[in-house]
Amino acid sequence: MAKEKEAKEKGLFVGLAWSCGDIKLLLTSLFFLCSLATIIQFHPYLTSAPHTTTLLSCLVPPTPEPTANSSSTSVATTPHPMKRDQMGPDSVLKRSFNPVGSAAYLFIQISAYRGGTNTFAIVGLASKPLHMFAKPQFKCEWIDNADNGNGSSISADAYKILPDWGYGRVYTVVVVNCTFEKPVGLNGLGGKLVVHASTNGGGDRDVDLVESFVAIEEEPSSVNGSVFTAPPDYDYLYCGSPLYGNLSPQRIREWIVYHVKLFGRRAHFVIYDAGGIHAAVVDVLRPWIEIGAVTLHDIRDQERFDGYYHNQFLVVNDCLHRYRFNTKWMFFFDVDEFVYLEPGLTIDSLLKELEGYSQFTIEQMPMSNKICLADDKGKSWRMWGFEKLVYRDVKRGIRRDRKYAIQPRYAFATGVHMSQNIAGKSLHKTEGRIKYFHYHGTIANRREPCTEFSNTTELTFDRTPYMLDETLRRLAGSIKRFELKTIGDRLVHTRQ
């Protein structure tokens, strides 16, 4: 037994020694190959020789070829010549200024639409400093199509509207109105609207830069003048603000079905995707798109241009002019806001009562985004947002934002909280008839919102007084039944 044990130990020792020998041989080989590769890289003949290419490609990772998007790509440009300072004859040093490049675009068009037989609206962005501190100008030219390419033309001075109340950043929103002295483009020939934009010395008083661009092209016989006076397709149309961030599919689900029920079958909803309509939100919207209740616009490219709040004013003005002849009333509010009519009113009866006004605004009811009833604790995750968030902020002495609706045929431009560019009367005293509940901060919260619970009708939280308000909670059952009846159970498994 002792001899056998000794033999095993000796075998183990030999095996270990042999393994160590293998490792030494392997390391030596790797060191030799790496050294050879290093020498080859520094030897001009060897690195250019064909027979070393395969070896080098195995030992040294290939250097990626530069691409057009590579930051290391050098672009051959001619440097701007430098103007030097000069000493004048009166011993005064005349300093030189050397402008290079351009700080912002003169105009960025998103859309252009007819406003009638002789008028057009062009919606876009432009340099804010240029429009705030200079006097850029726009001129309009309508050119008829012709077989010989020399169609007749008519020109007009344009006027511009800056509807974003100075909120713009690098860019501000500009609505350019082109109105000609007579109808254009109704002769069946088709034509195009050309806009001539001038800096008018703004930015550099020695240079009056003029850029011309085609705003609209119309095919022959494509314009039907009766559309401007015909009854609209819808009674009500919702114009949404740009949606961005990691939106909650469940909150979007609740909002859309609530308002489809409120506004009825003769309503339409226009949603603008600024990056927030991810796949799960598309799944929520798809049933409503399929039945014709929702239209979705992809405007993610607007992030290239630094405007206010994902270019919110740009979006609402595009919606106004795109759909102004498609609806009688147009509503502007956000997807964390729920419009509510007092008992006894319908949307039809209210707006018949207000049809003498071009615009009315809507009072806000701010709701807590985290306080829920103690009785709902443990089951709140199964409840809808407006069903469980039931405490209203009742702090006094605060001016709260309002939202609004307009008759779009009387509006020339619009804003986020109201339009300042309408023809006709506005009504702001709508209390007791219509209001909206605002659940701020809930639309991009993918977690359970209920973090505080109370069993009282009044409380103070974070130095803000709240009161129990179950107005929308009482509607939850009918809203859920309406969804099942309208689109079935396709969305019942929607997640936060």
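Quick one: is Asn311 in contact (Cβ under 8 Å) with a residue 12 or more places away in the chain, on the phi > 0 side of the Ramachandran plot, buried (at least 19 other Cβ atoms within 10 Å of the Cβ) and under 17 Å from the mean Cα position of the chain (by Cα)?
Working: in contact (Cβ under 8 Å) with a residue 12 or more places away in the chain: yes; on the phi > 0 side of the Ramachandran plot: yes; buried (at least 19 other Cβ atoms within 10 Å of the Cβ): yes; under 17 Å from the mean Cα position of the chain (by Cα): yes.
In short, yes.
Do we find a residue being free of Cβ contacts under 8 Å to residues at least 40 places away in the same chain and either part of a helix (DSSP H, G or I) or over 20 Å from Asn369 (Cα atoms) (or both) anywhere in the range 426-433? Walk me through how you get there before you give the answer.
Keep residues of the range 426-433 that are free of Cβ contacts under 8 Å to residues at least 40 places away in the same chain, which gives 429.
Remaining after also requiring either part of a helix (DSSP H, G or I) or over 20 Å from Asn369 (Cα atoms) (or both): 429.
The answer is yes; a qualifying residue exists.
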If I filter the range 126-167 down to residues being outside any strand (DSSP E or B) and touching a Gly at 6+ places or on another chain (Cβ under 6 Å), which single residue comes out as farthest from Gly201 (Cα to Cα)?
Asn145
Search result, residues across the range 233-281 that are closer than 21 Å to Phe437 by Cβ, open to solvent by 10 Å² or more (accessible area, probe 1.4 Å) and of a type in the set (S, T, N, Q)
Ser241, Gln250
For Glu290, state whether it is out of contact with any strand residue (DSSP E or B) (no Cβ under 9 Å at 6 or more places or on another chain), open to solvent by 10 Å² or more (accessible area, probe 1.4 Å), at pLDDT 95 or above and more than 20 Å from Val175 (Cα to Cα).
yes
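This table checks each residue for (1) more than 24 Å from Gln312 (Cα to Cα); (2) in contact with an Asp or Glu (Cβ under 8 Å, 6 or more places away or on another chain); (3) surrounded by fewer than 18 Cβ atoms within 10 Å (Cβ to Cβ).
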{"site": "Thr117", "(1), (2), (3)": "yes, no, yes"}
{"site": "Phe120", "(1), (2), (3)": "no, no, no"}
{"site": "Gly124", "(1), (2), (3)": "no, no, no"}
{"site": "Leu130", "(1), (2), (3)": "no, no, no"}
{"site": "Asn150", "(1), (2), (3)": "yes, no, yes"}
{"site": "Ser153", "(1), (2), (3)": "yes, yes, yes"}
{"site": "Trp165", "(1), (2), (3)": "no, no, yes"}
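Just a yes or no: is a residue in the range 389-404 at positive phi and modelled with pLDDT under 95?
Within the range 389-404, the first condition is being at positive phi, and the residues that meet it are 397.
Subsequent filtering for residues that are modelled with pLDDT under 95 retains 397.
Yes, the conditions are met somewhere in the range 389-404.
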Identify, please: which residue in the range 436-479 is open to solvent by 30 Å² or more (accessible area, probe 1.4 Å) and among the hydroxyl-bearing types (Ser, Thr, Tyr) and is, among those, farthest from Trp381 (Cα to Cα)?
Thr460
Counting only residues in the range 480-496 that are buried (at least 16 other Cβ atoms within 10 Å of the Cβ) and of a type in the set (A, V, I, L, M), the one nearest to the chain's Cα centre (by Cα) is identified as Leu491
Please go through the range 266-285 and pick out each residue that is out of contact with any strand residue (DSSP E or B) (no Cβ under 9 Å at 6 or more places or on another chain) and not small (Gly, Ala, Ser).
His278, Asp283, Val284
Suppose we filter the range 322-371 for residues that are open to solvent by less than 10 Å² (accessible area, probe 1.4 Å), more than 30 Å from Lys388 (Cβ to Cβ) and within 26 Å of the chain's Cα centre (by Cα); how many remain?
5
Of the residues in the range 355-367, how many are hydrophobic (A, V, I, L, M, F, W, C) and either assigned to a helix (DSSP H, G or I) or within 21 Å of Ala413 (Cβ to Cβ) (or both)?
2
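Is it the case that some residue within the range 95-103 is more than 18 Å from His321 (Cβ to Cβ) and aliphatic (A, V, I, L, M)? Write out each step before concluding.
Narrowing the range 95-103 to residues more than 18 Å from His321 (Cβ to Cβ): 95-103.
Next, only the ones that are aliphatic (A, V, I, L, M) stay: 100, 103.
Yes, the range 95-103 contains a residue that is more than 18 Å from His321 (Cβ to Cβ) and aliphatic (A, V, I, L, M).
The values are calculated or read from the model by the stated rules, or taken from the named source; none is laboratory data. Note that the structure is predicted; figures quoted are calculated from it, not measured. Here the Cβ is made from the backbone with ideal geometry for all residues, glycine too, and neighbour counts use every protein chain on show. Side chains are part of the model used for accessible areas, which takes the heavy atoms of the whole protein and leaves out ligands, DNA and RNA. Shrake-Rupley method; radii C 1.70, N 1.55, O 1.52, S 1.80 Å.
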